[in-house]
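**Student:** First, the structure itself, so that you have it in front of you.
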Amino acid sequence: MILAKARPPKTRSCPPQRGGHCSALGLAPRLWRGHARSASETVFLRPNLCLKLNLKVFGMNEAFFSKNAKVQRIIFLREKGISLVELLLVASITFIALVGAYNLFETSLSTHRISDEQLRAQEIARRNLLLTSKNIRQSKEMRLAQDYLIEVKSDIDDDEVGEVVRFYLQGGEFYQTVEGGTPRKLADCVRNQTLGRPIFIYYDLNHAEINPADPRVLTHTRSVKIRLVIDVNEKELPPAYTLESEVKLRNL
């Protein structure tokens, strides 16, 4: 008994229909070629493209692929992964995105920190501005009157004896001394002198401003406006904040 040797399936081309295209697949016959044992296991080849419709096709047609160098090259290019150029491009884009995100985070963090420091400085200055206003309001004598310094005699401890109290600006910090004792810091980050805005403004009985260089300032002043400009960082936000208080001298 003679056994017939099994022959491998032949390569079939889709006959052009409907204007030169395969009616079943909608592809031009010059761009593709099918090789399989059934329609569901067909491999279509285009220039630089290999579409595999059934994973078993590689095992079923091993002899065909081993003889076809073009198919082997296409499969190798599709399975070898990304290239070095692609990897460098992805790494560059990721690096740029991370740098931008870091800069945004650092800017937000810096703004938040400066805002917190600004609020703290404002609260301290506001609290001590009330103390300064009280001491000046109770003064019985004005001894010195300047743009950034004032010295009065005031009963600050309610013992019916007046003490010499001085308020002055030095190096961006606002201080108080009593009877020439140890300075007490009342506020920091005070920018009045930098901006050319006096801390103390003097008014007479008619609320007319008196120049500190005028000798009448010591005898005719009846009210004093106190103004503190607080700014932690002059080059960055938030902007400077101004605290004001006007007091009338009761005992003059």
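The values are calculated or read from the model by the stated rules, or taken from the named source; none is laboratory data. Predicted, not measured: the structure shown is a model, and the values here were computed from it. Cβ coordinates were reconstructed from backbone atoms using ideal geometry, including for glycine residues, and neighbour counts include every protein chain displayed.
**Student:** Looking at segment 158-179, which of its residues are touching a strand residue (DSSP E or B) at 6+ places or on another chain (Cβ under 7 Å) and of a type outside the set (Val, Ile, Thr)? Break it down into steps so the answer makes sense when it comes.
**Tutor:** In the first step, residues of segment 158-179 are kept if they are touching a strand residue (DSSP E or B) at 6+ places or on another chain (Cβ under 7 Å); the result is 162-169, 172-179.
Once the filter is applied, which keeps residues that are touching a strand residue (DSSP E or B) at 6+ places or on another chain (Cβ under 7 Å) and of a type outside the set (Val, Ile, Thr), segment 158-179 yields Gly162, Glu163, Arg166, Phe167, Tyr168, Leu169, Gly172, Glu173, Phe174, Tyr175, Gln176, Glu179.
**Student:** What do you reckon, is Leu252 aliphatic (A, V, I, L, M), more than 38 Å from the chain's Cα centre (by Cα), outside any strand (DSSP E or B) and under 20 Å from Leu131 (Cβ atoms)? Even if it seems obvious, please write down each step before you answer.
**Tutor:** Values: aliphatic (A, V, I, L, M): yes; more than 38 Å from the chain's Cα centre (by Cα): yes; outside any strand (DSSP E or B): yes; under 20 Å from Leu131 (Cβ atoms): yes.
So Leu252 passes the test.
**Student:** Within segment 161-190, restricting attention to residues that are charged (D, E, K, R) and modelled with pLDDT under 95, which residue is nearest to Ile230 (Cα to Cα)?
**Tutor:** Quick first cut of segment 161-190, residues charged (D, E, K, R) only: 163, 166, 173, 179, 184-185, 188.
Now restrict to residues that are modelled with pLDDT under 95: 163, 179, 188.
On the way: Glu163: 28, Glu179: 27, Asp188: 8 Å.
Ranking the qualifying residues of segment 161-190, first place goes to Asp188.
**Student:** Now for a separate question. What is the residue count in segment 152-189 for residues that are under 42 Å from the mean Cα position of the chain (by Cα), outside any loop (DSSP other than H, G, I, E, B) and hydrophobic (A, V, I, L, M, F, W, C)?
**Tutor:** Adding up the residues that qualify gives 5.
**Student:** Sticking with this structure for a sec: So which of Ala91, Ala121 ends up being part of a helix (DSSP H, G or I) and within 15 Å of Leu228 (Cβ to Cβ)? It would help to see each step written out before you state the result.
**Tutor:** Details: Ala91 fails: within 15 Å of Leu228 (Cβ to Cβ).
The conditions single out Ala121.
**Student:** Residue check: is Ala145 in the same structural domain as Ala240 (by TED's automatic domain parsing) and buried (at least 18 other Cβ atoms within 10 Å of the Cβ)? Before the answer, list the steps.
**Tutor:** Working: in the same structural domain as Ala240 (by TED's automatic domain parsing): yes; buried (at least 18 other Cβ atoms within 10 Å of the Cβ): yes.
So Ala145 fits the description; yes.
**Student:** Turning to a different aspect of this structure: Do we have any residue at all in segment 149-160 that's of a type in the set (Gly, Ala, Ser), out of contact with any Pro (no Cβ under 9 Å at 6 or more places or on another chain) and closer than 24 Å to Val229 by Cα? Talk me through it step by step, then tell me what you get.
**Tutor:** So in segment 149-160, the residues of a type in the set (Gly, Ala, Ser) come out as 154.
Remaining after also requiring out of contact with any Pro (no Cβ under 9 Å at 6 or more places or on another chain): 154.
Filter again for closer than 24 Å to Val229 by Cα, leaving none.
No: zero hits.
**Student:** Among Ser139, Ser154, Ser223, which is modelled with pLDDT of 95 or more and surrounded by 17 or more Cβ atoms within 10 Å (Cβ to Cβ)? Lay out the reasoning, then the answer.
**Tutor:** Numbers: Ser139 fails: modelled with pLDDT of 95 or more; Ser154 fails: modelled with pLDDT of 95 or more.
Unique residue meeting the criteria: Ser223.
**Student:** Working only within segment 226-246, note down all residues that are hydrophobic (A, V, I, L, M, F, W, C) and either at pLDDT below 95 or not assigned by TED's automatic domain parsing to the domain that holds Glu141 (or both). First the steps, then the outcome.
**Tutor:** So in segment 226-246, the residues hydrophobic (A, V, I, L, M, F, W, C) come out as 226, 228-230, 232, 237, 240, 243.
Across segment 226-246, the qualifying residues are Val232, Leu237, Ala240.
**Student:** Oh, and also: Is there a residue being within 45 Å of the chain's Cα centre (by Cα), over 20 Å from Gln138 (Cα atoms) and not in a loop (DSSP other than H, G, I, E, B) anywhere in segment 199-209? Give the derivation first.
**Tutor:** Taking segment 199-209 as the starting set, the residues that turn out to be within 45 Å of the chain's Cα centre (by Cα) are 199-202, 209.
Those left that are additionally over 20 Å from Gln138 (Cα atoms): 209.
Next, only the ones that are not in a loop (DSSP other than H, G, I, E, B) stay: 209.
Checked against the condition, which is being within 45 Å of the chain's Cα centre (by Cα), over 20 Å from Gln138 (Cα atoms) and not in a loop (DSSP other than H, G, I, E, B), segment 199-209 yields at least one hit.
**Student:** Condition check: exposed (fewer than 11 other Cβ atoms within 10 Å of the Cβ), of a type in the set (D, E, K, R) and part of a helix (DSSP H, G or I). Does Glu86 satisfy that?
**Tutor:** Numbers: exposed (fewer than 11 other Cβ atoms within 10 Å of the Cβ): yes; of a type in the set (D, E, K, R): yes; part of a helix (DSSP H, G or I): yes.
When the stated conditions are applied, Glu86 passes them.
**Student:** Which ones in segment 136-177 are in contact (Cβ under 8 Å) with a residue 40 or more places away in the chain and among the polar types (S, T, N, Q)?
**Tutor:** If the condition is that a residue be in contact (Cβ under 8 Å) with a residue 40 or more places away in the chain and among the polar types (S, T, N, Q), then Gln138, Ser139, Gln146, Gln176 are the ones that fit.
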